[in-house]
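The values are calculated or read from the model by the stated rules, or taken from the named source; none is laboratory data. Fair warning: this is a prediction, and the values are worked out from it, not measured in the lab. Positions of Cβ are backbone-derived with ideal geometry, glycine not excepted, and every protein chain shown enters the neighbour counts.
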């Protein structure tokens, strides 16, 4: 009962978004820092030291806080979106890599070296659940209705489907080798998943938990070094943007057929991606280049590169 | 009352979903070898994956060369004996974990899959490295215990945690063979030995935790990146070396003879 009341109270709060700062936050995996970029000027505004090996990044539901997964510190770092202060770190189990934030505020994260998914209440610091998944869990996604969480296991080649109600596994879906990230359709009927080593992007029907279409020819269609990693759907649902890792590019795919519509060359090892609210700008982290690419999606061209710290990994945009 | 109990039993079977599948595999070689340690870790990691899919792999360690009828594939660490064992394996996939003979690759045996790189692959990797590093005393190998790029860090840590000793190339070969079989069987659980061999030969995205996808050449040799190792055993880099021609097949292709 208390939980239900809490949810009722939290939900209206979650919708009271803070004023956007128009800042892009970039985790620097080897720099132990977060680069803060003012997207209106395209200039670096600050570099915030956060701790060991920051990779996954995301906002609290009200966007007042930026969370970063600190793999080497076994913690989630909490940065104030407005003041840019590292407010605190929350113990998060061993080697947290990536996470997604549920609309109720719970952080669902992957513990890469423990084969676990963890549900963490960032306010109390309480670990609400630990769910055993495959080896090297990585990408995490919360379904649009908040009822399921997906976790990919990179070395076990599966997407695990977890029920939020009781933290149980409801399905384990084999996909191409080294699944990295997931993205949902807004109606919740499908999700897409990238498979880095196989070179695939697959579309999964959530009613049956089966792959309905997969593009396994991306290396032939784009270039032989393609390794699909980051994935997100355009706001109009017309384009699926996929970063290609060592393929040094981002592709726009047809979300239905997964056919390649357009590609844009970016930097070396294009990894995490974020899309502006107006849908016109894509931001992508290029690890060894230590840059962020700014892509104009209307022309699919790179219009700027911005320097970051060492080995940028993930990006999150507060606009 | 009795029929009521039966109904409960039937319901619980239905809830258990897919029927459990168990596959037997066999190993021929020393009982104390790095390849066997890697193989066992690969079987354990396949069973971790299989636990979510009701699939189990078992490994039988053989003392002779006679392969049990039920075994779907055979892993072998016995240099000089691969052709002989492959000929007697009844068409099963025979994984060569340790013999680097180029002639064995050129023989293009129908059921031999060579996980360890051939001598020519290693020589080509060293030659690529020496173009940019003349005079360097380098050697090449399938694996290095200090490799961290891609997901090598994770696998090295798991092996070290499991055995307390660092993972070498033979251990990697055993691990990879078991994971290649495991991942293939998870996808095609009804496979017989011939179907498994066919699926392995067709697989084009096997994950060796070395970045690029691994696959088998017509010779049965595994396409894979290699590591370059210095005179003191230190990790120097990776092959194919950046800028070298031919991609993974720039390393020791052996035409069938």
- Message: Would you confirm whether or not the range A:11-25 contains a residue that is closer than 16 Å to residue A:316 by Cβ, at pLDDT 95 or above and touching a helix residue (DSSP H, G or I) at 6+ places or on another chain (Cβ under 8 Å)?
- Response: no
- Could you tell me which numbered condition residue A:125 fails, if it satisfies all but one of (1) surrounded by 20 or more Cβ atoms within 10 Å (Cβ to Cβ); (2) out of contact with any helix residue (DSSP H, G or I) (no Cβ under 6 Å at 6 or more places or on another chain); (3) closer than 22 Å to residue A:57 by Cβ? (1)
- The one condition residue B:211 fails out of (1) more than 11 Å from every other protein chain (Cβ to nearest Cβ); (2) touching a helix residue (DSSP H, G or I) at 6+ places or on another chain (Cβ under 9 Å); (3) in contact (Cβ under 8 Å) with a residue 60 or more places away in the chain; (4) farther than 22 Å from residue B:185 by Cβ is (1)
- Here the qualifying pairs (Cβ atoms under 9 Å; residues six or more apart or on different chains; first in the range B:188-207 and without any contact (Cβ under 8 Å) to a residue 24 or more places away in the chain and away from chain A (no Cβ under 11 Å); second buried (at least 16 other Cβ atoms within 10 Å of the Cβ) and assigned to a helix (DSSP H, G or I)) come out as B:199/B:184; B:199/B:185
- Message: I'd like the residue in the range A:217-244 that is over 26 Å from residue A:186 (Cβ atoms) and within 14 Å of chain B (Cβ to nearest Cβ) and, out of all such residues, is surrounded by the fewest Cβ atoms within 10 Å (Cβ to Cβ).
- Response: A:220
- Single condition residue A:308 does not satisfy, out of (1) within 18 Å of the chain's Cα centre (by Cα); (2) more than 26 Å from residue B:206 (Cβ to Cβ); (3) buried (at least 17 other Cβ atoms within 10 Å of the Cβ): (1)
- Message: Between A:165, A:207, A:198, A:171, which is surrounded by fewer than 24 Cβ atoms within 10 Å (Cβ to Cβ) and within 14 Å of chain B (Cβ to nearest Cβ)?
- Response: A:171
- Scanning the range A:158-196 for residues that are in a loop (DSSP other than H, G, I, E, B) and farther than 17 Å from residue A:97 by Cα gives A:164, A:165, A:166, A:167, A:175, A:176, A:177, A:185, A:186, A:187, A:188, A:189
- Query: So is residue A:205 out of contact with any strand residue (DSSP E or B) (no Cβ under 8 Å at 6 or more places or on another chain) and at pLDDT 95 or above or not?
  - Reply: no
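If I ask for residues that are modelled with pLDDT under 95 and at positive phi, which ones from the range B:204-245 would you list?
B:211, B:243
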